[in-house]
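The structure under discussion appears below in the form of structure tokens.
The values are calculated or read from the model by the stated rules, or taken from the named source; none is laboratory data. Please read all numbers here as calculations on a predicted model, not as lab measurements. Note that each Cβ is placed from the backbone with ideal geometry, even for glycine, and that neighbours are counted across all protein chains shown. What goes into the accessible areas is simple: the full protein's heavy atoms, side chains included, and nothing from ligands, DNA or RNA. Shrake-Rupley method; radii C 1.70, N 1.55, O 1.52, S 1.80 Å.
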Amino acid sequence: MSLLLIPLAYAAIEMDPTQITCNSSLKFTHVQTGFHLTSSEINWGSGSGQQSVTATSTPGDSTSLWMIAEPDQKDICTAGTAMVCNSVIRLTHLLTGKNLHSHEFRSPLTGQQEVSAFGTDGQGDGGD
């Protein structure tokens, strides 16, 4: 799957607009379909029972914003610090504060590996 990263917020005006930084807000768009990775306060009715993560075609939808953060068990990254290529990161859903998460449950929609949002205020675990 190909994703297109679109930076939506920058920590400093003089920053290169193509640079992704810690605490940047991003929208992830599937190149072939134009759908955006989204989540809301609706939990899966089966599997993990955690907050659902799906895709939407709705442009400008604020439920599609994700923030770049440090991975589990790492020092908190400083807002505006440039993320180096191949960095391990955590994606936190901007509106709910839950992290993009995966585990061994099967998706109720596709039967593939379930993706959910998990944690509280950006705190989660190694499945993020």
| message | Quick check on the stretch 41-95: of everything there that is among the charged types (D, E, K, R) and surrounded by fewer than 15 Cβ atoms within 10 Å (Cβ to Cβ), which residue is nearest to ARG106 (Cα to Cα)? | response | GLU41
| Positions within the stretch 19-40 being buried (at least 20 other Cβ atoms within 10 Å of the Cβ) and among the small types (Gly, Ala, Ser), in sequence order | SER24, SER39
| task | Scan the stretch 33-47 for residues that are farther than 15 Å from LYS98 by Cβ and in a strand (DSSP E or B) and report the count. | result | 1
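Listed residues ASN43, ASN86; which is in contact with a Gly (Cβ under 6 Å, 6 or more places away or on another chain) and at pLDDT below 85?
Numbers: ASN86 fails: in contact with a Gly (Cβ under 6 Å, 6 or more places away or on another chain).
Residue meeting the stated conditions: ASN43.
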| Which condition breaks for ASP128 when tested against (1) at pLDDT below 85; (2) open to solvent by 50 Å² or more (accessible area, probe 1.4 Å); (3) of a type in the set (D, E, K, R)? | (2)
| note | Exception for ASP72 within (1) at pLDDT 80 or above; (2) of a type outside the set (Phe, Trp, Tyr); (3) over 14 Å from ASN23 (Cβ atoms) falls at (1)
| Residues that are aromatic (Phe, Trp, Tyr) and under 12 Å from the mean Cα position of the chain (by Cα), drawn from the stretch 81-128 | PHE118
| What pairs come up if the first residue lies in the stretch 77-95 and is without any contact (Cβ under 8 Å) to a residue 40 or more places away in the chain and farther than 14 Å from LEU37 by Cβ, the second is open to solvent by less than 60 Å² (accessible area, probe 1.4 Å) and hydroxyl-bearing (Ser, Thr, Tyr), and their beta carbons are under 9 Å apart, counting only those six or more places apart or on different chains? | none
| task | Being more than 22 Å from PHE35 (Cα to Cα) and either touching a residue at least 60 places away in the same chain (Cβ under 8 Å) or surrounded by 13 or more Cβ atoms within 10 Å (Cβ to Cβ) (or both) narrows it down to one of PHE118, PHE105, so name that one. | result | PHE105
| message | Exactly one of these conditions fails for GLY80: (1) at pLDDT 85 or above; (2) touching a Gly at 6+ places or on another chain (Cβ under 7 Å). Give me its number. | response | (2)
